[in-house]
Every structure is written in C-alpha cells, then in structure tokens.
Amino acid sequence: MIVSPSLLSADFLHLDREIDMINRSEADWLHIDVMDGVFVPNISFGFPVMTDVARELKKPMDVHLMIVEPQKWVTRVRDTGAAIMNVHQEACVHLDRTIQAIKDAGMKAAVTLNPSTPVIMLEDVIEQLDMVLLMSVNPGFGGQKFIPNTCRKIRQLRRLIGERGSKALIEVDGGVNAETAPLIAAAGADVAVAGSYVFRADDPMAAIAGLRAL
C-alpha cells in the first residue's frame, strides 16, 4: 500500500520535526489538505505553508484542494512543488478542462469524490486520471470515523477502472487506521491517506510502516 500521511493532523508548532519524521519514514508521499472555509466548513493553510514544507520535504507532495474554483490555482499549486494536484468533482464545473490544465502544468491529475457522490460521475474522464481519491469521511475535519460504504465504492471504482483500461490509482482518505486499512486494501485501494493514526501515534514511523506492509 502506498502511504500518504496527512499533514492536517501534524503538530503545527513543530512542523520541522514532523517533516523530518516523514523524510525518515517509509511514507511514499505527504498529503496536503487545503481548505477554504467555503467548499468545506474549515480553513487549513495555503501557499506560504506549502512552499515552506516543500523546501524541507524529500517526498512528493500530494495536494488535495477542498476549495471552490480550484482551476484558478493550478499554476500556484505547481509552483509550490506539488507532484499531484487533487480537485473535487463537486467543485469543478468544467472537470475535463481542469484535468487537462493540471496535466499541462506537469503534475499528476487526481479527482476526489465526496461520500455521497457516485463513482459513475467519473465515467467520462476516468481514462485521463492518474488517481481518484474517495473520501471515507465528510471532508473538512480530521479525526472522523470511517464510513463503511466506502469499501463498496472502492470495488465499484476498481471495476470502472478495469473496464475502461484506466491506469488510475485509488486513494482513500478518512478514518484510516489499523482496523480500516486492511478493509480498503482488500477492496482494491492503492493509496492510504492517514492523519491522526500516524501523527498522533506513539510511534508514527511504525504506524506508517504497518500501513505500507498491507
């Protein structure tokens, strides 16, 4: 399993220590949740923090924009050093255009679906995507409980990917821990985003290693 710890659950007073831990760990990526207080009921951080994190980070940045009109910020996200730009299907009026803009900027293109958004909404763009992120909680806050229906959506998405010959990875974000990670892996997920489970663990590096072994 590819592991992308979510910075949203890190200790913001000591981000340098948290980034150093990620660099020394088996984590594959670092997940960056950008929230605007409009698309989701919370505000996280923006480009200055992302740029500073990227300066010290030795792993690819997996940037998840939980914002309205994400297409306006493709170049700015690219300029922070992001490897992956992830936008919500629900926030994009012209999703195909946004996907192409992300790829043209040199990043991998990913699209997120909220828990109530059906997989079929990606039927006409799945071949263009590098990754699909399924939210397994309602976005906006860390520390929520995993929504069990996510496993059914993973299986549906895996079938769609196979039918269309897509190479998209399946990423899952929300409530991922020692109990739920094996469930999403068995359902066909490729990438686990884990926040509280990693950053609030007694041994974060061991938590990451355990997820990666799935």
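Values in this text are rule-based calculations from the coordinates and carry no lab data. Quick caveat: nothing in here was measured; it's all calculated off a predicted structure. Cβ: placed from backbone, ideal geometry, glycine included. Neighbour counts: every protein chain shown.
Between Rg and the Kirkwood Rh of the range 83-158, both from Cα atoms, what is the Rg to Rh ratio? Using only Cα positions, Rg/Rh for the range 83-158 is 0.97.
Would you kindly state how much longer the chain becomes between residue 178 and residue 213 on full extension, computed as 0.36 nm times their sequence separation minus their alpha carbon distance, in nm to one decimal? Could you put the intermediate results ahead of the total?
Numbers: separation 35, 0.36 × 35 = 12.60 nm, distance 1.14 nm.
11.5 nm is the gain from fully extending residue 178 to residue 213.
Close amide-amide hydrogen proximity is noted between residue 67 and 88, each under 5 Å apart and 5 or more residues distant or on a separate chain (H modeled in the peptide plane; Pro and chain starts excluded). When the charge dipole of the range 2-212 is built from unit charges on Cβ atoms (+1 for Lys and Arg, -1 for Asp and Glu) and taken about the Cα centre, the candidate among 8, 161, 206 whose Cα reaches farthest toward its positive end is 161. Each pair of Cα atoms in the range 31-148 enters the Kirkwood radius, and Stokes-Einstein at 25 °C and 0.890 mPa s then converts it into a translational diffusion coefficient of 170 µm²/s. Given 188, 53, 43, which one lies farthest toward the positive end of the charge dipole of the range 2-212, if we put +1 on the Cβ of every Lys and Arg and -1 on the Cβ of every Asp and Glu? Highest projection toward the positive end goes to 188.
Each Lys and Arg Cβ is given +1 and each Asp and Glu Cβ -1; about its Cα centre, the chain then shows a dipole of about 380 debye. Phi angles of the range 13-30 translate, via the Karplus equation with coefficients 6.51, -1.76, 1.60 and θ = phi - 60°, into HN-Hα couplings of 6, 9, 4, 4, 5, 5, 5, 4, 4, 4, 4, 8, 7, 8, 4, 8, 9, 10 Hz per residue; Gly and Pro are given as x. Say a site is exposed when it is one of the GluC sites (Glu not before Pro), sits in a DSSP loop, and has at most 15 other Cβ atoms within 10 Å; what is then the longest site-free stretch of the chain? After excluding every exposed loop site, the longest remaining stretch is 27-122. With both residues required to sit in the range 2-212, DSSP beta bridges show an antiparallel share near 5%.
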